[in-house]
Amino acid sequence: MIRIKKHFYWGGGLFSSGITVRNSDAHLIYDKTTKKRINESESIYIGDHVWLGQDVLVLKGCQIGSGSILGAASVVSNKRIPSNSAWAGNPAKKVRENIYWSGECVHAWTNSETNKYLIKEDPFPVFFDEKSIPIDDFERNIMSIENTQERIDYILKNFNNPRSRMFI
């Protein structure tokens with residue numbers, strides 16, 4: 001489990017405070033008849049330039065495409081969030097598509113600063129290109145590699161592209 005307590009921004013995205021990311025349940029659950037575990041862990045993929053609002057909960061099986069936004073207090077579980085879309089709520093639902101966002105903080109802006117940013121040219125017109133890999137392909141490929149060092153090498157090889165490296 002990853003728990004983010006303070007807001008931070010870097011070139012790859014914007015994470016607010018109180019975010020929790022969990023790729024497994026805290027306790028094991030089994031089918032009474034088959035005795036098999038029914039709540040296995042699942043991967044979570046978060047693309048580039050993703051904005052996670054305050055108190056977002058990202059649960060196992062999520063794929064969050066590059067350039068997307070999850071609004072404050074949203075809960076996503078085993079969901080595919082397409083690139084360049086905005087989602088909100090519990091459970092999270094799509095509220096907008098074909099969006100892009102910027103990391104400037106507007107809390108102390110004057111009217112002239114606000115007016116300056118009413119239109120902003122898209123700094124990231126696309127979040128994938130011929131060097132990118134769809135998340136499903138990445139997951140399938142990484143899970144087929146047994147050796148840890150080979151997995152690391154595969155990840156590093158596919159993350160050399162400064163643009164979005166995974167997309168939905």
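The values are calculated or read from the model by the stated rules, or taken from the named source; none is laboratory data. Note that this is a predicted model, so its numbers are computed, not measured. Cβ sites come from the backbone with ideal geometry, for glycine too, and all protein chains shown count toward neighbours. All accessible areas refer to the heavy atoms of the entire protein, side chains included, with ligands and DNA or RNA removed. Shrake-Rupley method; radii C 1.70, N 1.55, O 1.52, S 1.80 Å.
Could you please find all residues in region 27-52 being of a type in the set (A, V, I, L, M, F, W, C) and either modelled with pLDDT under 90 or closer than 18 Å to residue 90 by Cβ (or both)?
44, 46, 51, 52
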### Message
residue 75 - would you say it is modelled with pLDDT of 95 or more and touching a Leu at 6+ places or on another chain (Cβ under 8 Å)?
### Response
yes
### Yes/no for residue 60 being closer than 30 Å to residue 143 by Cα and out of contact with any strand residue (DSSP E or B) (no Cβ under 6 Å at 6 or more places or on another chain)
yes
### Query
Mind checking which residues of region 81-110 are among the polar types (S, T, N, Q) and part of a loop (DSSP other than H, G, I, E, B)?
83, 84, 90, 98, 102, 110
### Message
Restricting to region 133-168, count the residues that are at pLDDT below 85 and under 19 Å from residue 43 (Cα atoms).
### Response
17
### Query
Only one of 78, 98 is closer than 24 Å to residue 25 by Cβ and either in contact with a Ser or Thr (Cβ under 6 Å, 6 or more places away or on another chain) or of a type outside the set (Gly, Ala, Ser) (or both); which?
78
### Task
Of all residues in region 29-80, count the ones that are at negative phi, part of a loop (DSSP other than H, G, I, E, B) and either in contact with a Phe, Trp or Tyr (Cβ under 8 Å, 6 or more places away or on another chain) or among the charged types (D, E, K, R) (or both).
16
### Task
Would you be able to say whether some residue in region 111-129 is touching a helix residue (DSSP H, G or I) at 6+ places or on another chain (Cβ under 9 Å), assigned to a loop (DSSP other than H, G, I, E, B), open to solvent by 40 Å² or more (accessible area, probe 1.4 Å) and among the hydrophobic types (A, V, I, L, M, F, W, C)?
no
### Task
Considering each of 36, 32, 60, 79 in turn, give the residue that is under 15 Å from the mean Cα position of the chain (by Cα) and open to solvent by 40 Å² or more (accessible area, probe 1.4 Å).
79
### Task
Output the residues belonging to region 53-68 that are among the hydrophobic types (A, V, I, L, M, F, W, C) and at pLDDT 95 or above.
56, 57, 58, 59
